[in-house]
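Below is one structure, written out as structure tokens; comments come after it.
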There are 2 protein chains.
Amino acid sequence: MREAAARLGYVYDRSAALMRSGKSHTIGLLVCEITNPFYAELTAGVEEALDDAGYVTMMANTSESVTRQRRMLERFREQPVDGVLIMPATGTPPGLANELLSWGVPHATVVRGFRRGAHAGPDNRAGTRLATEHLLTLGHRRIAFLGGAAKNPVSAGRWEGYARTMAKAVLVPEHLPCQTDIGQAAQMVQELPLRGPTALVCFNDSVAFGALLGLQRSGRMAGRDVAVIGFDDVREAAFWYPPLTTVRVAPRVIGQAAARVLLHRITNPEAEPLREILPATLVIRDSCGANLRKAV
Amino acid sequence: MREAAARLGYVYDRSAALMRSGKSHTIGLLVCEITNPFYAELTAGVEEALDDAGYVTMMANTSESVTRQRRMLERFREQPVDGVLIMPATGTPPGLANELLSWGVPHATVVRGFRRGAHAGPDNRAGTRLATEHLLTLGHRRIAFLGGAAKNPVSAGRWEGYARTMAKAVLVPEHLPCQTDIGQAAQMVQELPLRGPTALVCFNDSVAFGALLGLQRSGRMAGRDVAVIGFDDVREAAFWYPPLTTVRVAPRVIGQAAARVLLHRITNPEAEPLREILPATLVIRDSCGANLRKAV
DNA sequence: CTGAAAGCGCTTACAG
DNA sequence: CTGAAAGCGCTTACAG
């Protein structure tokens, strides 16, 4: 029937259907920085899962701009969409969670979360704990944490995983603050004193790449002179020189979980919001020196 | 007025407005592979420009699946959107252009184009011409072209720029086919005979990264033993070891041009479709050996 | 179970 | 120039 109608040039009008039924089968997705491969991969996971559930994804890239995020959110509200998946831009006021609640728009946070409400993200604390424990096993004592701002829950979680593991080993945690940027991290590491830390737990892979670069520039080599561990396992991690040991959190899996959590919110508005914390695993390559040690 | 209404809880309903006016102020964007940093950056450029023009971007990632592309396109038609921006998935039948035309949906292609119709993309031919000329200037004679499938216009254009420049220098062009993938390219280059090409013009940066890796694995070094030039200038290009000499085509600028071309199509449906071919420039870093030469 | 009518919230064309 | 009414194409609730 619809087949035949289509042949005659008929096209189903979703906007009319939406107006009458109030269901758009569209989800708004707010990405904090699409040019970051980690978030790009995550976005692909979200879209895949929503597509399977019969939803279409309306994506907007906020480029870490709170203003742009606000505008897109209002736009989603007017559209309207059936739900919003949000990776909050840096500097998002915590009050946003309550505002979204008062709007009555089902929503879930991804990776960067609010204290409460539907959420899907990696186990940040377990990730840096695994990394730190691995370095301790390799015999390191002067282990520093490179990067991270500590103001947001992601940084806080990763710092905690590291700092608590250090404390448990009766060692003093050390924070080397720097921007989440290859160039900045490289600068920081390049200027590190010779008798400084022998191992670095990095906030994420970008920072770790910078560390690799900074070591190289100062004539040192990751894995041999200083152990480096990243966080995320972006695709490039395996291809860097040396290949990066890092904490894998599978962005695509997080994306799928986020879609699930939001859809649960939509279908069960009265139920307690789901919070899915996804496991982190350590991927051992060369930058931590473990393979080098084995070879000797 | 609207301010006051908003305070009372009123939310403008775009779906109603759309139904009456037929204008959605929404553009559908079909991305062939969002996890490729080049396309991610391009997407950000499109969105930025459309946002400035008062349009919202509805993005869908096809992951190079023609089936998914078809479904999203039909969805966009039903939605409806005011126009579609498409980076065709590999294997898209050329007939799609006519079909879109018959649907009456304004559209433009990005990067990968059809023979006719609105389009924005890099000057592929000029890009590889610049790369090849640079290698010739550095004294190379055995220059090969690595990667690219030649079935699509992008590959064809890049191959032509290389092959014609070689022919002009009375040299025989050589094609080393491989998948557009770091691992595949690395394998290919690793197995290259010692008396093989002394320089490689690569289909894109991913392939070039693979070449760098393959050389490293076989104990050779890009820039010193074999010159390597990429295409795209993705963000990582400057940070690889050695830093990659590559053809810059500024994905963000292409994205902005694509938005412009589509909006022109929407506002001037009777006018000839615009085709914007954006300039390519050569960014000289270390992988081509030019800096090494200077230092000696 | 089937079919005609009402109505979603806007914009637009028309009457006053 | 202002204001009330019609209508966009669906879905839904209701009458037959």
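Per-residue answers, yes or no, for (1) more than 16 Å from DNA strand D (Cβ to nearest atom); (2) among the charged types (D, E, K, R); (3) more than 19 Å from A:ASP52 (Cα to Cα):
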{"residue": "B:CYS32", "(1), (2), (3)": "yes, no, no"}
{"residue": "B:ASN36", "(1), (2), (3)": "yes, no, yes"}
{"residue": "B:GLU41", "(1), (2), (3)": "yes, yes, yes"}
{"residue": "B:GLU78", "(1), (2), (3)": "no, yes, no"}
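Working only within the stretch A:238-253, note down all residues that are crowded, with 22+ Cβ neighbours inside 10 Å and under 22 Å from A:GLY157 (Cβ atoms). Please lay out each step first, then the result.
Within the stretch A:238-253, the subset crowded, with 22+ Cβ neighbours inside 10 Å is A:240, A:244-247, A:249, A:251.
The answer is A:LEU244, A:THR245, A:THR246, A:VAL247, A:VAL249, A:PRO251.
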_Looking at the stretch A:64-77, can you tell me whether even one residue there is within 11 Å of chain B (Cβ to nearest Cβ), over 21 Å from A:PHE114 (Cα atoms) and surrounded by 15 or more Cβ atoms within 10 Å (Cβ to Cβ)?_
yes
*Evaluate the stretch A:76-88: report whether one residue or more is touching a Lys or Arg at 6+ places or on another chain (Cβ under 8 Å), free of Cβ contacts under 8 Å to residues at least 12 places away in the same chain, under 19 Å from A:THR267 (Cα atoms) and away from DNA strand C (no atom under 16 Å from the Cβ).*
no
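At least 2 residues that are under 20 Å from B:VAL31 (Cα atoms) in each: list the helices (runs of 4 or more DSSP H) lying fully within the stretch B:178-296 that qualify.
Values: elements: B:182-190, B:205-217, B:251-267, B:290-295.
Result: B:205-217, B:251-267.
Check whether at least one residue in the stretch B:99-111 is assigned to a loop (DSSP other than H, G, I, E, B), more than 18 Å from A:THR26 (Cα to Cα) and within 18 Å of the chain's Cα centre (by Cα), and report yes or no. Can you show your working first?
Restricting attention to the stretch B:99-111, the residues satisfying the condition of being assigned to a loop (DSSP other than H, G, I, E, B) are B:104-106, B:111.
Okay, now just the ones that are also more than 18 Å from A:THR26 (Cα to Cα), so B:104-106, B:111.
Within this subset, residues satisfying the condition of being within 18 Å of the chain's Cα centre (by Cα) are B:111.
Yes - at least one qualifying residue is present in the stretch B:99-111.
With the requirement that a residue be surrounded by fewer than 17 Cβ atoms within 10 Å (Cβ to Cβ) and at the interface with chain B (Cβ under 8 Å from one of its Cβ atoms), what does the stretch A:44-63 give you? It would help to see each step written out before you state the result.
Going through the stretch A:44-63, the residues surrounded by fewer than 17 Cβ atoms within 10 Å (Cβ to Cβ) turn out to be A:52-54, A:63.
If the condition is that a residue be surrounded by fewer than 17 Cβ atoms within 10 Å (Cβ to Cβ) and at the interface with chain B (Cβ under 8 Å from one of its Cβ atoms), then A:SER63 is the only one that fits.
State whether the residues of the stretch B:205-212 include one that is farther than 22 Å from A:PRO37 by Cβ and either buried (at least 21 other Cβ atoms within 10 Å of the Cβ) or touching a residue at least 40 places away in the same chain (Cβ under 8 Å) (or both). Working first, answer last.
From the stretch B:205-212, those farther than 22 Å from A:PRO37 by Cβ are none; that's our starting set.
There is no residue in the stretch B:205-212 that is farther than 22 Å from A:PRO37 by Cβ and either buried (at least 21 other Cβ atoms within 10 Å of the Cβ) or touching a residue at least 40 places away in the same chain (Cβ under 8 Å) (or both).
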*Would you check if B:LEU85 is in a strand (DSSP E or B) and closer than 30 Å to A:ILE27 by Cβ?*
yes
*Within the stretch B:12-45, count every residue that is of a type in the set (A, V, I, L, M, F, W, C) and either within 20 Å of B:THR90 (Cβ to Cβ) or not assigned by TED's automatic domain parsing to the domain that holds B:GLU74 (or both).*
8
*asked:* For the structure I just gave you, tell me whether A:ILE86 is within 17 Å of the chain's Cα centre (by Cα), surrounded by 21 or more Cβ atoms within 10 Å (Cβ to Cβ) and more than 10 Å from chain B (Cβ to nearest Cβ).
replied: yes
_When you check B:PHE114 against the structure, is it away from DNA strand C (no atom under 16 Å from the Cβ), of a type in the set (Phe, Trp, Tyr), farther than 22 Å from B:GLU272 by Cβ and assigned by TED's automatic domain parsing to the domain that holds B:GLU272, yes or no?_
no
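Right, A:ALA271: buried (at least 18 other Cβ atoms within 10 Å of the Cβ), assigned by TED's automatic domain parsing to the domain that holds A:ALA44 and farther than 17 Å from A:LEU136 by Cα or not?
Answer is no for this residue.
Could you tell me which of the residues A:ILE27, A:ILE34 is in contact with a helix residue (DSSP H, G or I) (Cβ under 6 Å, 6 or more places away or on another chain), surrounded by 18 or more Cβ atoms within 10 Å (Cβ to Cβ) and in contact (Cβ under 8 Å) with a residue 60 or more places away in the chain? Even if it seems obvious, please write down each step before you answer.
Numbers: A:ILE34 fails: in contact (Cβ under 8 Å) with a residue 60 or more places away in the chain.
After ruling out the rest, the residue left standing is A:ILE27.
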*Residues located in the stretch A:224-270, provided they are over 20 Å from the mean Cα position of the chain (by Cα), away from chain B (no Cβ under 14 Å) and closer than 16 Å to A:PHE209 by Cβ*: A:VAL226, A:ALA227
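Count, please, the residues in the stretch B:151-177 that happen to be under 18 Å from the mean Cα position of the chain (by Cα) and either under 21 Å from B:PRO279 (Cα atoms) or crowded, with 22+ Cβ neighbours inside 10 Å (or both).
Residues of the stretch B:151-177 that are under 18 Å from the mean Cα position of the chain (by Cα), as a first pass: B:151-162.
Subsequent filtering for residues that are either under 21 Å from B:PRO279 (Cα atoms) or crowded, with 22+ Cβ neighbours inside 10 Å (or both) retains B:152-162.
Selection size over the stretch B:151-177: 11.
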*asked:* Conditions first: (1) touching a Cys at 6+ places or on another chain (Cβ under 8 Å); (2) within 22 Å of B:GLY219 (Cα to Cα). A:VAL207 passes all but one, so which condition is the exception?
replied: (2)
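The values are calculated or read from the model by the stated rules, or taken from the named source; none is laboratory data. All of these numbers come straight from a predicted model, not from anything done at the bench. All Cβ positions, glycine included, derive from the backbone under ideal geometry; neighbour counts span all protein chains shown.
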